[in-house]
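S.K.: My questions all concern the structure below.
The values are calculated or read from the model by the stated rules, or taken from the named source; none is laboratory data. As the structure is a computational prediction, the values presented were derived from the model and not from experiment. Using ideal geometry, Cβ is built from the backbone for each residue, glycine included, and neighbour counts are taken over all protein chains shown.
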Amino acid sequence: MVLGGFILLVLFFLLFDLLVVGRKKHVLSFPEALAWTLLWVCLAVGFYFFLLYAGEKIHSISDYPSLIRFQQLYAPYMPLSKNDFYTDLLLYRSTIATEYLAGYLMEYTLSMDNIFVIMTLLTSFQVEEKYYKEVLFWGILGAIVLRFIFIFAGAALIARFNWILYVFGIFLLFTGIKMFFKQKEETVQVENHPVVRFLSRFLKLHPSYVEGKFVARINGQLLFTPLFVVLVLIEFTDVVFAFDSIPAIFGITRDPYLVFFSNIFAIIGLRSLFFFLSKIVNMFRFLTYGIAVLLVFIGIKLLFHEGLHGLGFKTTYSLYFILAILAGSIILSMLFPLKKD
């Protein structure tokens, strides 16, 4: 019930963003982008307080058996006293709220790296800025559907094969180290991109843009425009990033609902965050290094998750570490800005 209501609420926000906020195809100004970014962040933080004071509604917890069932499935290291239900319920609320917030910050940080790649795509395909909002809207909507599938499929695999956590850990460790030592800015070779070659083989493509349309009727024939190719590439990019972000957040929580909520709140704010970051992109030159450090941290955490919990490692520590890395990356970027030629 709560999940269905949450999905309807997200769809409402997205439609409001498209039909009301984005009814005019204009370039979002810096103040507008900042205001909408703050709004989405406030909504995400508001959901944290909902979990903190009424989180049991997510898992329909009303008695000890349901609370213990949750612990066995998603939080085996949560130390229930099994004597005072109200005290344990407060512990449960605090646990899931902290896990959600840490997961949200992780996903939001990774989304920033995704945004830089999307910027490169839009620039390479010479998309006019007034069409950015619509392309990003449909890209985000597709990302929500894909993340929903990936998250619950991943949760099912982890529930059945716990050793997959170690595979995730090795993958994140490798990805983080590779990202740390590969800091060159990449460009997109439009004609040689494998997705472009694949689409041109099976679809009839029009060589130029047609008033921001994805499909246009030209001389009585339906043709896909380059804007549709850009949309597919954005979805493809999100799939690639999901291979990093989904394992990373499972290093913070095993609860698929919290993984889904944190992912969605990070994604729905992606469009306004894109326009916000595009104005101050030079202030984040060290963010990629910070993301690499976070991936290595979560990879190590997954590889040694049993030992860390045995030593009393709490999700709160992960939250502090993520905040410190994010703040440190931004501060370093401001102290040592990129020199202009």
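S.K.: Taking the options 69, 93, name whichever one is of a type in the set (Lys, Arg) and out of contact with any helix residue (DSSP H, G or I) (no Cβ under 7 Å at 6 or more places or on another chain).
M.R.: So the residue among 69, 93 that is of a type in the set (Lys, Arg) and out of contact with any helix residue (DSSP H, G or I) (no Cβ under 7 Å at 6 or more places or on another chain) is 69.
S.K.: Look at the range 43-57 and say how many of its residues are more than 22 Å from residue 269 (Cα to Cα) and either without any contact (Cβ under 8 Å) to a residue 40 or more places away in the chain or buried (at least 17 other Cβ atoms within 10 Å of the Cβ) (or both).
M.R.: Going through the range 43-57 one residue at a time, the tally reaches 3.
Quick grid of which residues meet (1) in a helix (DSSP H, G or I); (2) over 26 Å from residue 5 (Cα atoms); (3) of a type outside the set (Val, Ile, Thr):
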{"residue": "65", "(1), (2), (3)": "yes, no, yes"}
{"residue": "79", "(1), (2), (3)": "no, yes, yes"}
{"residue": "83", "(1), (2), (3)": "no, yes, yes"}
{"residue": "88", "(1), (2), (3)": "yes, yes, yes"}
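S.K.: Which condition number in (1) loosely packed, with under 13 Cβ neighbours inside 10 Å; (2) modelled with pLDDT of 75 or more is the one that residue 23 fails?
M.R.: Unmet condition: (2).
S.K.: Inspect all residues belonging to the range 186-202 and state whether any of them is under 30 Å from residue 45 (Cα atoms), surrounded by 13 or more Cβ atoms within 10 Å (Cβ to Cβ), modelled with pLDDT of 80 or more and touching a helix residue (DSSP H, G or I) at 6+ places or on another chain (Cβ under 8 Å).
M.R.: No, the range 186-202 has no match at all.
S.K.: Considering only residues that are more than 12 Å from residue 255 (Cα to Cα) and under 26 Å from the mean Cα position of the chain (by Cα), look in the range 79-96 and name the one that is surrounded by the most Cβ atoms within 10 Å (Cβ to Cβ).
M.R.: Filtering first and then ranking leaves 92.
Yes or no, residue by residue, for (1) under 30 Å from residue 73 (Cβ atoms); (2) free of Cβ contacts under 8 Å to residues at least 24 places away in the same chain; (3) within 21 Å of the chain's Cα centre (by Cα):
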residue	(1), (2), (3)
160	yes, yes, no
211	no, yes, no
217	no, yes, no
221	no, yes, no
247	yes, no, yes
252	yes, no, yes
257	yes, no, yes
263	yes, no, yes
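S.K.: I would also like to ask the following. Filter the range 218-228 down to the residues that are surrounded by 21 or more Cβ atoms within 10 Å (Cβ to Cβ) and of a type in the set (A, V, I, L, M) and list them by number.
M.R.: Listed by number, the list holds a single entry, 227.
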